[in-house]
Amino acid sequence: MKMYVCVKQIPDPNTVVSRLDPDTKRLVRSGVSLVLDPGDETTISAAIKLRDTSGNSELTAVCMGPASANEAMRRALAMGVDRAILITDPALAGSDSLGTARVLAEVLKKEGADLIFCSTESTDGYTGMVPGAIAEFLGIPQLTFAREIKVEGQKATIHRVTQAGYQVVESTLPAVVTIASGSFEAIYPTMKGIMSARKKPFVQMSLADVGLDPSQVGEAGARERVLAIGKAEARAAGQVIKDEGDAAQRIADFLQRYQLL
Amino acid sequence: MTKTIWTLVEIENGQPARSSLEVLGKAAKLGRAEAIVLGAQAAEVALMLGEYGAQKVYAHADATYDTYLTLPATDTISDLLQTRKPDLLLFPTTYDARDIAARLNARHRLGLITDATDLQYEDDELRVTVPWGGENVVTATLPHGPGIVLARPKAFGVEKVASNTAEIETLNSPINSASQSIKILDRVEVASEGPALEEASIIVSGGRGLGKPENYKLVEELAKVLGGAPGATRAIVDAGWLPYSYQIGQTGKTVKPTLYIACGISGAIQHLAGMKGSKFIVAINKDENAPIFAAADLGVVGDVLSILPQLIEEVKRRKAH
């Protein structure tokens with residue numbers, strides 16, 4: 001089975017407060033620590049687990065991003081992905097989710113993917129619209145919000161998270177599968193993994209290699225326009241107390257005062 | 001000029017879903033609201049939508065939509081888009097509507113804005129408000145004609161308008177069999193005690209500060225004695241303590257309870273985005289510099305593991321009186 005996982009490099013959500021540049025209206029990437037999206041680590045782990053139990057399968061990580069995304073790809077390889085493709089081109093800057101999906105879909109079509117893993121949404125933009133758009137461009141089904149996945153023959157079955165529990169959902173292959181964050185135990189790179197990552201195939205592609213016109217992607221192809229970036233309203237701060245053995249009493253007093261008990 | 005706005009109305013237990021009615025009400029305020037309702041119970045639900053602001057309802061009563069996800073609904077809306085020209089599609093942010101929106105976006109090269117908390121027209125230009133990363137608020141527009149906006153849950157209230165009857169157009173075109181490829185085999189409801197997280201008026205939520213998964217039971221216990229629902233941060237969901245359904249935040253559920261008690265939660269921006277609309281926020285954390293305190297009405301600097309058992313007993317005692 002030819003398996004793929006779409007990944008993204010983002011400002012580290014655990015250390016960086018993401019900011020938008022009021023002039024370019026894009027995410028500030030310079031001077032901040034960039035990492036492989038933690039959600040993608042779960043997704044890669046799910047994909048590796050399936051590859052290892054599927055026999056005769058290969059897993060490739062695909063990323064559209066700036067040249068710095070090299071490092072995120074190295075991490076994916078160190079985790080156990082077999083090969084990596086990075087599509088990087090100045091014309092791609094400012095792409096919206098549709099432009100991103102178009103580029104990824106074009107590469108995946110040429111590759112002849114059987115199964116494409118994506119995270120439900122990225123941890124910076126959160127639109128969650130790329131996987132479904134990839135599926136539409138490829139004309140294949142999408143299985144979304146998966147917390148379990150099984151492949152048998154030409155069918156994939158997932159447990160799809162819902163408000164009330166989950167649905168058991170199946171589709172034909174090829175398909176796009178999105179993984180719900182935290183659904184699979186993360187695989188951490190071992191020293192051996194890090195060493196072997198250097199020898200794994202790593203392809204870099206430009207937009208011309210992909211075969212798309214610059215007008216379809218980047219800022220030129222974006223269908224939305226940011227008019228203004230403002231400051232969020234801060235919530236008024238309340239009272240902060242130190243626990244001196246009476247905290248439970250004081251919280252209960254607070255609840256009673258506002259008739260919350 | 002009056003704008004025509006389409007909304008997708010989802011059906012839950014034979015009723016229009018609350019999140020659908022929220023966007024329908026907003027659409028009615030912006031212009032002419034038209035609803036699309038699909039599924040075995042579409043005809044009955046269509047009749048209920050006038051009083052929530054719909055002037056017209058497109059209804060296709062076919063059980064295929066209930067069994068096969070995403071593609072049949074995408075095809076039907078796509079067909080409607082060929083012959084009618086709405087100004088905007090305003091969808092609720094639900095699991096199913098997100099999937100449909102993503103495909104419509106790609107099929108018709110529509111513009112798409114997600115996570116909207118407000119929208120309006122100013123001088124004929126659409127202006128959509130999107131909170132971004134906790135510090136910024138973005139105003140965006142769709143300059144290339146009709147597009148899709150996905151609204152954040154609870155961004156708008158549900159309002160009934162004066163008894164209004166919607167015109168109903170019954171759709172009956174056959175559903176393409178090639179689009180019946182994502183099949184629901186089974187639906188499993190995971191029983192949970194007490195109210196659902198989205199509906200609860202009291203939420204007690206836990207984070208990394210609880211130390212280890214076993215301590216989460218204190219959060220559940222406090223939620224139980226208060227008659228509320230337990231929730232969690234992404235950090236402990238990612239760590240595997242709890243299923244995704246507990247997750248509150250920008251990724252996960254957006255909640256607006258009357259009371260939110262944050263236990264051992266530092267207050268990462270992505271968590272605050274999902275709960276700062278709560279009426280009262282109480283936070284317990286050992287780090288006095290935790291960002292959660294900036295949002296809390298009552299902040300307690302202390303050991304959550306010693307405070308919670310006392311608080312559970314204190315609430316029980318006061319409730320008994």
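Every number in this text was worked out from the coordinates using simple rules, so none of it is lab data. Computed from a predicted structure; not experimentally measured. Methodologically, a virtual Cβ is constructed for each residue, glycine included, from the backbone with ideal geometry; neighbour enumeration extends over all protein chains shown.
Listing for the model above:
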quantity	calculated
Charged-residue dipole, Cβ positions (Lys, Arg, Asp, Glu), the range B:202-320 about Cα centre, Debye nearest 20	360
Crossing angle, helix A:38-54 versus chain A [Cα axis fit, 0-90 degrees, rounded to tens]	50
Sorted largest first, extent of the range B:165-220 alpha carbons per principal axis (Å)	56, 36, 20
Ratio Rg/Rh [Cα only; Rh per Kirkwood] for the range A:26-162	0.94
Rounded D (µm²/s) - the range A:114-205, Kirkwood Rh over Cα pairs, Stokes-Einstein at 20 °C, 1.002 mPa s	144
Percent of Cα-Cα distances greater than 20 Å, calculated over the range B:241-301	18
Share of Cα-Cα pairs in chain A lying beyond 36 Å, as whole percent	24
All Cα pairs of the range B:90-148, percent lying beyond 14 Å	58
Which listed pairs, of A:Lys49/B:Lys217; B:Lys154/B:Lys276; B:Lys26/B:Lys56, have C-alpha distances above 21 Å, in listed order	A:Lys49/B:Lys217
Shielding score for B:122-129, defined as the mean number of other chain Cβ atoms within 10 Å	1
Surface/4 estimate of mean projected area, convex hull on alpha-carbon atoms of chain B, nm²	18.6
Listed residues B:Leu142, B:Leu80, B:Trp6: farthest to the positive end of the dipole of the range B:4-179 (Cβ charges)	B:Leu142
Projected-area mean, the range A:23-92, by convex hull of Cα positions, square nanometres	5.6
Beta bridges by DSSP in the range B:1-150, antiparallel share as percent, to the nearest 5	35
Proximal charge balance of A:Thr60 [Cβ under 13 Å; K/R count +1, D/E count -1]	+1
Spherically averaged projected area of the protein assembly as shown from its Cα convex hull (nm²)	26.9
Debye log10 I(q)/I(0) at q = 0.10 Å⁻¹ for the range B:202-320, Cα point scatterers	-0.24
At 1.567 mPa s and 4 °C, Stokes diffusion of the range B:4-179 via Kirkwood alpha-carbon radius, µm² per second	80
Intensity falloff of the range A:1-54 expressed as log10 I(q)/I(0), Debye formula with alpha-carbon point scatterers, at q = 0.23 Å⁻¹	-0.86
Ratio Rg/Rh [Cα only; Rh per Kirkwood] for the range B:40-87	0.99
Order by protection proxy (mean Cβ within 10 Å, highest first), peptides A:77-84, A:50-57	A:77-84, A:50-57
